[in-house]
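The values are calculated or read from the model by the stated rules, or taken from the named source; none is laboratory data. Because the structure is predicted, anything quoted here is derived from the model rather than measured. Reconstructed Cβ throughout: ideal geometry from the backbone, glycine too, with neighbour counts over all protein chains shown. Quick note on the areas: whole protein, heavy atoms, side chains included, nothing else; ligands and nucleic acids left out. Shrake-Rupley method; radii C 1.70, N 1.55, O 1.52, S 1.80 Å.
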Amino acid sequence: MSTPDKAPRAGLPVIHLSQLLRAPVLARSGENVGRVEDVIVRLRRADEYPLVTGIVAEMGGRRVFVGSNTIDEFTPERIILAKNKVDLRGFERRDGEVLLRADVLGHRLIDVAAVELIRAYDVELEDTGAGWVLTRLDTRRPPRLFGLIKSSGGHAARDWKAFEPLIGHARSHALRRGSGRVGGFKPAEIADLLEEADKGEVGEILDRVHSDPELEADVFEELDPEKASRLLDGMPDNEVAALLGRMRADDAADAITDLRQSRRRRVLDLMPAPQRTKVITLMGFNPESAGGLMNVDFVSCATTTTAAGALALIAAARTIQPEALIKVHVLDEDKRLAGAVSVISLLHSEPRESVAEIMDSDPVRVSPDTDLTDVALLMADFNLYSIPVVDEHDRILGVVTVDDVLEATIPEDWRRREPAPRPLREITPAEGDRNAPVPGGEAP
């Protein structure tokens, strides 16, 4: 059987899985030798349709593999074999193989364009002339008759290439991970998927993300604390420590606090020393205060620094969250807060101009025990995106950014409510991995 690479053409023979299941398997002589239990396809690249490699047939109480090269006729009414003899050895799944009934029908996949979990209710197969391929899914719930699901008879309307399968077959993880499309999602989108997913789906989504440690850290920063805590509970101490070491210190501190008390010290001891120091510092503050909300990473400079020098410091601060780079904090000779200057002011200034000449010499600041409400009111009253947190000697401990305040103040049910539908469009290959076609459209 040759490998079809192009999209199937209109008018080619089509079979729906719901029609094929339990269809009789006939020997070449016409004798009924079994029934179709499942259809096997082999996963390939994300831009190729999976190839049908055979069926699983029930024959005399055994599950038997029947390869495509031994099938003479493939129709919804029957499967006719090319020979009268059948190899009755039991079926064993190979790497990269997907069982459409067991792995896809009734299971959920990731809709790449919408970044949500969608359930498959039927599967459409097409004969390209060079072999049968899986081309479309029916994602519409079929009607119910007297409380039972009635087969739709085949109304598959969504292109297979618009989805990322979650098969759960451990030996095929590497092949599915190789598609790379999940890595193109935003961390918050992956977090939403994880919060909706069941245990098996969570495992496979995390497996896709685990190959990119920085993305994994970003995803855990976006997760609901309760969900993140459950996932961390299932990871060994060294993996938890490595993950928290890559996260923002304030988010890592929250995650450490949510761990079982018996694990906290073990995980802290395994963390990189600089991150451990930051996390322990943050754990000493009330989480509802400025000290508990602040990020301990920020950019500072001396009063003699030029505008060009301050911009260079911002450019070099690649590990600091962007929200904390909106302002550069100016320190005097005793490391006390002398002022603050915004990125916009620096860009509008002459490169050789001193920051002392353009800074706000009396910026709004708060103490670490300032409560969340007061921080939010100050931000609203003074139109601030960040506020420095200082000790009793006016030395900066950290910075509270507007995203931290929003996350802490917006009610949980508001943040996790169903978002408004996003318009879908076809993405050209030049725009990266997230090249899912418009639902119902042709594959790129």
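Here is how the numbers come out for the structure above:
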| item | result |
| --- | --- |
| Reciprocal of mean inverse Cα separation for region 291-412 (Kirkwood radius, Å) | 14.6 |
| Unsatisfied cross-links (Cα-Cα over 25 Å) in the set Lys85/Lys161; Lys161/Lys186; Lys161/Lys227 | Lys85/Lys161; Lys161/Lys227 |
| Whole-number accessible area per residue in Å² for region 182-284, which is evaluated in the context of all protein chains at 1.4 Å | 45 |
| By average C-beta atoms within 10 angstrom, highest first, the peptides 349-362, 53-66 | 53-66, 349-362 |
| Cα-derived Rg over Rh, computed across region 182-284 with Rh taken as Kirkwood radius | 0.95 |
